[in-house]
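Notes follow once the structure below has been shown.
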Amino acid sequence: MYRLPPLVFLLGYAGLLPFIAGPLWLSLVPDSAPVWLDRVWLLYAAMIASFMAGSLWGMALPTAEGPDGLIGMALATVLMLLAWGAAALAFPLALLALAAVFILLVLAEIWRQRVLDPLSGYFSLRLSLTAGVVLCLGWRYALL
């Protein structure tokens, strides 16, 4: 079984830093936060959700001629569209919708892990990163 290189873990956890930065800034020094912070932070969350949906698409491609590959590609497309739609909502609803999209991404990864070729360590990485993302979305929601 293929093992993920350490760089994948480094980049994955580095990707959590912007998720932490927004709520942390608003928790520590809210008066200094620029007016654009929430919008840019939300767009980052939607972009990452779309990126993760794209990774599901990429893993489904090798089996695209069979039903499992088609299901994986359809799931990826729907999840990307949900992330895009969530970004268009009012900020409080967008936070909740994006949290739901990230949870749906984990459910899609459970399916992928069982049906498509599993990658050693990938699911546990995705699960821990998603937990961090959802916690940060909840943290930001609590600051409303």
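Go through the range 102-126 residue by residue and tally those that are more than 18 Å from PRO18 (Cα to Cα), not in a loop (DSSP other than H, G, I, E, B) and not hydroxyl-bearing (Ser, Thr, Tyr).
Looking only at that region, the number is 14.
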Practice task
Select, from ARG114, ARG140, ARG126, the only residue that is of a type outside the set (A, V, I, L, M, F, W, C), closer than 17 Å to LEU75 by Cα and in contact with a helix residue (DSSP H, G or I) (Cβ under 8 Å, 6 or more places away or on another chain).
Solution key: ARG126
Exercise for the section: Mind counting the residues in the range 88-97 that are over 23 Å from SER128 (Cα atoms) and either in contact with a helix residue (DSSP H, G or I) (Cβ under 9 Å, 6 or more places away or on another chain) or assigned to a helix (DSSP H, G or I) (or both)? Expected result: 5
Problem - Unique match (being among the aliphatic types (A, V, I, L, M), touching an Asp or Glu at 6+ places or on another chain (Cβ under 9 Å) and within 23 Å of LEU4 (Cβ to Cβ)) among LEU105, LEU119, LEU127 - result: LEU127
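Is it true that THR77 is among the polar types (S, T, N, Q) and surrounded by 16 or more Cβ atoms within 10 Å (Cβ to Cβ)?
Numbers: among the polar types (S, T, N, Q): yes; surrounded by 16 or more Cβ atoms within 10 Å (Cβ to Cβ): no.
No: the conditions fail for THR77.
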Problem - Filter result (among the aromatic types (Phe, Trp, Tyr) and either at pLDDT 95 or above or touching a His at 6+ places or on another chain (Cβ under 6 Å) (or both)) within the range 112-144 - result: TRP139, TYR141
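Please tell me if LEU75 is farther than 27 Å from ILE20 by Cα and more than 10 Å from the chain's Cα centre (by Cα).
It is true that LEU75 is farther than 27 Å from ILE20 by Cα and more than 10 Å from the chain's Cα centre (by Cα).
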Handout entry: Search result, residues across the range 52-71 that are touching a Leu at 6+ places or on another chain (Cβ under 7 Å) and under 30 Å from ARG39 (Cα atoms)
Key = MET52, ALA53, LEU56
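The values are calculated or read from the model by the stated rules, or taken from the named source; none is laboratory data. Because the structure is predicted, anything quoted here is derived from the model rather than measured. Glycine gets a Cβ as well: all are built from the backbone with ideal geometry, and neighbour counts include every protein chain shown.
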